[in-house]
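Structure first, commentary second.
The values are calculated or read from the model by the stated rules, or taken from the named source; none is laboratory data. Owing to the predicted nature of the structure, the values given are computational and were not obtained by experimental measurement. Cβ coordinates were reconstructed from backbone atoms using ideal geometry, including for glycine residues, and neighbour counts include every protein chain displayed. When the accessible area is computed, the model is the full protein with side chains, heavy atoms only, and any ligands, DNA or RNA have been set aside. Shrake-Rupley method; radii C 1.70, N 1.55, O 1.52, S 1.80 Å.
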Amino acid sequence: MYKTKDTLEEALNIYFGFSTFRQGQKEIISSIMKGNHTLATLPTGSGKSICYQLPALLGEGVTVVISPLISLMVDQVKILKSKGIKRVAALNSLMNHQQKQQVLTHLQQYKIVFCSPEMMQQEFVLNKLKGCHINYLVVDEAHCISQWGHEFRPDYLKIKQVHNQLGEPTLLALSATATPEVQADIVKHLNLDMHKIIYPMDRENITFAVKHLDIHEDKVEALENLLSNNHVPTMIYFSSRKVCEEVSRLLQGKFPDKSVSYYHGGMEQEDRLLIQQQFMYDQLDIICCTSAFGMGVDKPNIRLVIHFHIPPTIESYIQEVGRAGRDGYHCVALLLYQKGDESLPFQLIGNELPEDEEIEQFPFQEDSSYLKELLSETKHRFLTFQFDQWHQLGFTTDDAISKIKSLRDERLAVKRNSIITMVNWIKTDSCRRKMLYQGFQDSFSSPLSFCCDQCDFDIDQWNWKEEKRSKGIELNWEERLRILFNRR
């Protein structure tokens, strides 16, 4: 057991086998252990999880971690248990009633409990948590409050209410990508006096490149040429599930010697977990995926991240390319651009936010199932949350409609500006590294290898030696998933 006289470094070694902290970890840990509500940013792949795991293990009571994805929770629990830390659990929608009850009945026995923001809103879950001593409340991937909370997952905007109901434990909000504007939005919605610990997010081992192409078929050909010359673990990001699957099948036919698969949010959860585990264990060479894949994926040897479509924001792009090179070695981030590609993200944001007529009709439709057929899930969530909020504040329906239209217009402007910023980065004739990070920090580190295609790099000349897949781990995936879902 850890004793107070021991140093944090000794505790780090006891629990995780590391002799020293990485940049920023000790400062963040010390801050929350002093009781400071803290907003912290560290680059992707820099060990943010230890910033709450170590204090949780050293402190009394339970640490609740609000996490955005089931796969991320499952991985965190699995990694901790592999280190001999057994008093951890995840509450998620894949668990049956009996499994949830098992965790909730024994909540006080756990040191760390992972939970989604939606699960935290369930009354029986919240009541069980209120009966425990909650030492820390952690919002992992805290940029989701700003990025997803306004439309896609409004329960992120209810975290403040949960924090109050749990007795206002010390709160840690962690992110790898948060502009000053996003930081302000996080603090606003948490409504706390937060100690900020903001570290630069640039990764000096990533080389950036954009390849301008005329038509869709040229993109596919460019992919094939690049992958035929470079046999390295690769992620390819798409904005369209349909195109994601189509290109995956094309690559499977083109490269029978490579293992290729796809991953997106329309797949069954069990299938997604299976694909993720195969990729993590080097049993897949190439994964074609949407933004649903990657958050929290800590695979060290990804050498190549390709964007087939434009990400909607610079923050999303930095998050996604940050999955490459977590071992510190050189890696490449390539974006394939076809003139007019920006129309897709503009179209997607149009599907996320309601039209005037939809806002005006929403409060007068009594049949909720009828509304869900007419509206996208995101629009329905947005309108439900907004009308509930404004009515609780005493606004009339007409005033609420006016407020919601105004907020909708603000959100549309933010999203459109984000896409424009991304397109400007694609079309720049200056250093991509400098332009990528300038909205987040004042400077950036010198690259360890090549900088970008505007400075010193030619993607057509890039060639990486083949990395053999590991053959040392033979897995029965049905058995692995059975164990995964039934772990305590």
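Label-to-label distance, Glu221 versus Phe152, with points set 7 angstrom from Cα along the beta-carbon direction: 3.4 nm.
Which entries of Lys48/Lys78; Lys26/Lys160; Lys81/Lys188 show an alpha-carbon separation above 24 angstrom in the structure shown? Going by Cα-Cα distance, Lys26/Lys160; Lys81/Lys188 fall outside the 24 Å limit. Residues in region 324-431 average 54 Å² of solvent-accessible surface per residue, probe 1.4 Å, ligands and nucleic acids excluded.
Relative to the current alpha-carbon distance between Trp464 and Lys196, full extension at 0.36 nm per residue lengthens the span by 92.5 nm. With contacts taken as Cα pairs under 8 Å at a separation of at least 6 residues, the chain carries a relative contact order of 17 percent.
Measuring gaps between exposed loop sites in the chain (GluC sites (Glu not before Pro); DSSP loop; at most 10 other Cβ atoms within 10 Å), the longest gap, sites not included, is 61-267. So, with +1 on the Cβ of K and R and -1 on the Cβ of D and E, and no other charges, what is the size of the charge dipole of the chain about its Cα centre, to the nearest 20 debye? The calculation lands at about 2020 debye. Apolar share of the accessible surface for the chain: 46 percent from carbon plus sulfur atoms, 1.4 Å probe. Note that region 261-303 presents 29 Å² accessible area per residue, ligands and nucleic acids not counted, probe 1.4 Å. Please report the accessible area of Tyr337 (heavy atoms, 1.4 Å probe, ligands and nucleic acids excluded) in Å², nearest 10. About 10 Å², ignoring ligands and nucleic acids. Taking a ≥ b ≥ c as the square roots of the eigenvalues of the alpha-carbon gyration tensor, region 238-388 is classed prolate because a/c is 1.5 or more and a/b outweighs b/c. State the answer as a single residue: which of Pro447, Phe395, Ser316 lies farthest towards the positive end of the charge dipole of the chain, with beta carbon charges of +1 for Lys and Arg and -1 for Asp and Glu, about the Cα centre. It is Pro447, whose Cα lies furthest towards the positive end.
Normalised size of region 77-134, defined as Cα radius of gyration per 2.2 N^0.38 Å with N residues, equals 1.09. With all protein chains in place and ligands, DNA and RNA left out, the 1.4 Å accessible area ranks Met120, Met33 as Met33, Met120, largest first. Think of each Lys and Arg Cβ as +1 and each Asp and Glu Cβ as -1; about the Cα centre, that makes the dipole of region 202-336 roughly 60 debye. Only protein heavy atoms count here; under a 1.4 Å probe, Lys403 has an accessible surface of about 90 Å².
Ranking Thr207, Val65, Val187 by how far each Cα lies toward the positive end of the dipole of the chain (charges on Cβ) leaves Val65 at the top. Of the residues Phe16, Phe457, Ile197, the one whose Cα sits farthest towards the positive end of the charge dipole of the chain is Phe16 (charges of +1 on Lys and Arg Cβ, -1 on Asp and Glu Cβ, taken about the Cα centre).
A straight Cα-to-Cα reach below 17 Å connects Lys403 with the aspartates and glutamates Glu151, Glu355, Asp356, Glu357, Glu358, Glu360, Asp388, residues fewer than 8 places away in its own chain not being considered. Dimensions of region 26-112 based on its C-alpha atoms, expressed as ranges along the principal axes with the largest first, amount to 40, 28, 24 Å. With the helix formula -39500 (n - 2.57) applied to DSSP H stretches of n ≥ 4, the chain reaches a computed 222 nm mean residue ellipticity of -13500 deg cm²/dmol.
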